[in-house]
1. Please state which of the following conditions E332 fails to meet, knowing it meets all the rest: (1) open to solvent by less than 50 Å² (accessible area, probe 1.4 Å); (2) away from ligand 2 (no atom under 16 Å from the Cβ); (3) on the phi < 0 side of the Ramachandran plot.
2. Looking at region 193-224 only, could you name the residues that are over 30 Å from F141 (Cα atoms) and in contact (Cβ under 8 Å) with a residue 60 or more places away in the chain?
3. Among the residues of region 314-327, which ones are more than 16 Å from ligand 2 (Cβ to nearest atom) and either more than 32 Å from the chain's Cα centre (by Cα) or of a type outside the set (D, E, K, R) (or both)?
4. When the residues of region 155-176 are narrowed to those that are in contact with a strand residue (DSSP E or B) (Cβ under 9 Å, 6 or more places away or on another chain) and hydroxyl-bearing (S, T, Y), which ends up farthest from I348 (Cα to Cα)?
5. Answer yes or no as to whether S129 is of a type in the set (G, A, S) and touching a residue at least 12 places away in the same chain (Cβ under 8 Å).
6. May I ask you to verify whether S166 is out of contact with any Phe, Trp or Tyr (no Cβ under 7 Å at 6 or more places or on another chain), assigned to a loop (DSSP other than H, G, I, E, B), open to solvent by 10 Å² or more (accessible area, probe 1.4 Å) and small (G, A, S)?
7. Go through region 252-267 and report how many residues are crowded, with 21+ Cβ neighbours inside 10 Å and either assigned to a strand (DSSP E or B) or free of Cβ contacts under 8 Å to residues at least 24 places away in the same chain (or both).
8. Return the only residue of D161, D186, D223, D192 being touching a helix residue (DSSP H, G or I) at 6+ places or on another chain (Cβ under 6 Å) and modelled with pLDDT of 95 or more.
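The values are calculated or read from the model by the stated rules, or taken from the named source; none is laboratory data. Being a predicted model, the structure only gives us computed values, none of them experimental. Glycine also receives a Cβ, built like all others from the backbone with ideal geometry; neighbour counts cover every protein chain displayed. These area figures cover heavy atoms from the full protein model, side chains too; ligands, DNA and RNA do not enter into them. Shrake-Rupley method; radii C 1.70, N 1.55, O 1.52, S 1.80 Å.
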Amino acid sequence: MISVRAPSAYLALVMLLIQLASCGSGGGGGGDGSSSSARYVDAVTPSDGSGINYGASPTFIIHNASTARNGSGVYEIVIYSDGGAVNVLASVSGISEDDNGLAVWTPGLAFDESRQYWWKWKAVFGAGSGAKNAESDLLKFFVVKSDAGQGVSPRSGGYMDVNSASFPVFAVFNAYTLPNANVTYDMELYSDPELTALTAYVSGVTQDDSEAYTTFFPGVTLDSGRTYYWLARPVIGGQPLNWRGVYTFTVKNLCEISGSSYAQNAISFTRGEECSLIAFNDPAQALGSPNGSGHDPANYRGFISLSRGGSIVLEMGRTIINRPGNDLRVWEYVSTEELEAFAGQSEIGPWFSLGVEWCGDFCDFDLGKAGLNYARFIKIMDVSSLAGGCYETAGADIDAVYALGAASSSSQCEVF
Ligand SMILES: [Ca+2]
Ligand SMILES: [Ca+2]
């Protein structure tokens with residue numbers, strides 16, 4: 001048996017990485033050097049098509065499990081920013097294997113989020129009958145978004161509508177949205193904070209590229225009044241990233257929740273048309289009572305500019321109910337803009353349109369127009385003409401959202 005000179009914790013980590021890598025698309029071989037590279041190298045990390053967390057400083061590992069047959073390799077590793085292998089981000093040469101056949105390199109690079117990179121290895125193996133050369137194909141890896149796999153709905157500390165508890169829906173932010181990434185998700189749901197009572201487990205859910213998030217349907221009925229705990233993780237190219245969470249929520253009659261009549265939580269913000277000049281990007285400015293102020297971009301305060309086609313999702317403090325006439329007021333600042341309001345019972349809808357209004361100081365909407373009795377979540381979308389241009393306050397400028405009719409009794413949150 002070969003001797004071990006690496007510290008055991010480090011070695012255990014490396015061996016774990018190797019095991020993870022070898023479960024996936026494996027080795028580093030194929031193409032030009034297909035048979036020869038596969039002969040020498042059994043596994044690489046990151047494996048071809050796998051993902052890494054944004055902000056991580058990845059270690060590149062090459063494993064030659066058959067040193068006795070192959071000889072020990074001396075490696076060159078190159079990382080590219082393009083699939084044509086032209087632009088070199090970093091490279092190293094002269095990396096020798098340790099006693100376990102592992103060549104290890106941590107370049108200390110900061111990779112951008114939500115994009116892919118490429119790398120390859122080349123090596124000279126000191127086999128008995130003279131040096132042998134081998135090299136890998138170009139291997140790719142994905143750097144996920146900073147919020148990849150994080151829980152969207154139910155939000156942590158939030159609620160699930162008791163009327164949805166017989167068919168609960170969960171959602172996480174997508175890990176990566178460009179083509180060629182093989183992304184799925186796993187999710188676990190527990191009924192205790194110690195995560196011992198597993199209520200549901202869903203795995204292998206394919207990313208939904210039509211939205212910014214992917215939904216899960218665990219197929220269990222949840223109990224009214226009970227608090228649950230959930231986690232999720234992205235799996236990229238067959239390699240799981242770490243679990244995100246734990247997120248906690250309570251199944252509740254939404255009309256029993258007390259709080260402000262104004263929007264209380266900013267759930268998500270989706271930019272529409274790209275416009276780098278927009279100076280008011282903070283979704284929290286749409287929370288609480290109206291406080292927009294200022295006369296020009298130098299001293300404007302208290303709102304978010306949605307961008308043309310952009311949208312924001314807000315959770316009300318108290319659930320809004322339908323009553324005769326209008327039920328919802330949107331406060332808008334700067335100038336009159338055209339916007340569409342939607343209402344729903346969760347962070348991800350489904351969304352019911354309350355119509356389009358030209359909105360000056362404020363504009364009002366009626367839940368009855370969508371046939372809704374109540375709503376806790378409001379989505380506001382800018383629907384102004386894309387011909388309007390790009391400037392500091394492009395798109396509707398949302399200052400506040402107010403419930404004209406706020407729930408006062410649990411019986412008001414009935415579906416029909
Ligand atoms: Ca109404
Ligand atoms: Ca405001």
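1. So E332 meets the others, but not (2).
2. L222, S224
3. So in region 314-327, the residues more than 16 Å from ligand 2 (Cβ to nearest atom) come out as 318-327.
Of everything in region 314-327, those that are more than 16 Å from ligand 2 (Cβ to nearest atom) and either more than 32 Å from the chain's Cα centre (by Cα) or of a type outside the set (D, E, K, R) (or both) turn out to be T319, I320, I321, N322, R323, P324, G325, N326, D327.
4. Taking region 155-176 as the starting set, the residues that turn out to be in contact with a strand residue (DSSP E or B) (Cβ under 9 Å, 6 or more places away or on another chain) are 155-162, 164-165, 168-176.
Next cut, hydroxyl-bearing (S, T, Y) only: 156, 159, 164, 176.
On the way: S156: 14, Y159: 13, S164: 13, Y176: 19 Å.
Among those that are in contact with a strand residue (DSSP E or B) (Cβ under 9 Å, 6 or more places away or on another chain) and hydroxyl-bearing (S, T, Y), it is Y176.
5. Values: of a type in the set (G, A, S): yes; touching a residue at least 12 places away in the same chain (Cβ under 8 Å): no.
Spelling it out, it is not the case that S129 is of a type in the set (G, A, S) and touching a residue at least 12 places away in the same chain (Cβ under 8 Å).
6. Values: out of contact with any Phe, Trp or Tyr (no Cβ under 7 Å at 6 or more places or on another chain): yes; assigned to a loop (DSSP other than H, G, I, E, B): yes; open to solvent by 10 Å² or more (accessible area, probe 1.4 Å): yes; small (G, A, S): yes.
Yes, satisfied.
7. Residues of region 252-267 crowded, with 21+ Cβ neighbours inside 10 Å: 252-255, 262-263.
Still in the list and also either assigned to a strand (DSSP E or B) or free of Cβ contacts under 8 Å to residues at least 24 places away in the same chain (or both): 252, 262-263.
The number of residues fulfilling the criteria is 3.
8. D161
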